[in-house]
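A.B. asks: My structure is below; once you've seen it, I'll send some questions.
The values are calculated or read from the model by the stated rules, or taken from the named source; none is laboratory data. Source: prediction; values computed, not measured. All Cβ positions, glycine included, derive from the backbone under ideal geometry; neighbour counts span all protein chains shown.
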Amino acid sequence: MSEYVTFNNQKYEVRNRELKIEWKQIKSILDVIGLEKLTSLETLYLTAAAIRKIEGLNNLKNLRRLELWLNPIQKIEGIDTLINLEYCRR
């Protein structure tokens with residue numbers, strides 16, 4: 001059974017424990033429906049997505065890599081709970 005999230009009525013599938021949503025006007029991570037349920041996710045790409053605040057990633061306990069480049073990030077919350085996070089680029 002494949003895992004996926006939804007943003008703006010479009011599905012994005014998790015492949016090899018990796019999710020990529022790039023070059024979309026997300027603005028808020030909380031608008032990505034289902035992201036909080038992807039507890040086995042290891043890599044997350046949210047690049048060039050107009051995200052200003054990083055939040056709502058607390059449940060992603062297996063997340064190892066977080067790619068956030070090309071976002072106008074002003075505030076980061078909750079990534080201190082991501083105990084497996086090895087790499088975060090913004």
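A.B. asks: Looking only at region 64-89, count how many residues are of a type outside the set (A, V, I, L, M), within 21 Å of Asn16 (Cβ to Cβ) and in contact with a strand residue (DSSP E or B) (Cβ under 6 Å, 6 or more places away or on another chain).
C.D. replies: 6
A.B. asks: Report the residue count in region 29-49 for those that are of a type in the set (Asp, Glu) and either crowded, with 16+ Cβ neighbours inside 10 Å or over 10 Å from the mean Cα position of the chain (by Cα) (or both).
C.D. replies: Result for region 29-49: 2.
A.B. asks: Scan region 50-69 and give yes if some residue there is touching a residue at least 24 places away in the same chain (Cβ under 8 Å), in contact with a Gly (Cβ under 7 Å, 6 or more places away or on another chain), exposed (fewer than 14 other Cβ atoms within 10 Å of the Cβ) and not polar (S, T, N, Q), otherwise no.
C.D. replies: Checked region 50-69: no residue is touching a residue at least 24 places away in the same chain (Cβ under 8 Å), in contact with a Gly (Cβ under 7 Å, 6 or more places away or on another chain), exposed (fewer than 14 other Cβ atoms within 10 Å of the Cβ) and not polar (S, T, N, Q).
A.B. asks: Additional query: Looking at region 1-27 only, could you name the residues that are small (Gly, Ala, Ser) and not in a loop (DSSP other than H, G, I, E, B)?
C.D. replies: Selection gives nothing.
A quick yes/no check of all residues on (1) surrounded by fewer than 13 Cβ atoms within 10 Å (Cβ to Cβ); (2) more than 16 Å from Tyr4 (Cα to Cα); (3) touching a His at 6+ places or on another chain (Cβ under 6 Å); (4) at pLDDT below 95:
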| site | (1), (2), (3), (4) |
| --- | --- |
| Leu19 | no, no, no, no |
| Lys27 | no, yes, no, yes |
| Ile76 | no, yes, no, yes |
| Asp80 | yes, yes, no, yes |
| Arg89 | yes, yes, no, yes |
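A.B. asks: Tell me which residues, restricted to region 32-63, are of a type outside the set (A, V, I, L, M) and in contact with a strand residue (DSSP E or B) (Cβ under 6 Å, 6 or more places away or on another chain).
C.D. replies: Matches in region 32-63: Gly34, Thr43, Tyr45, Thr47, Lys53.
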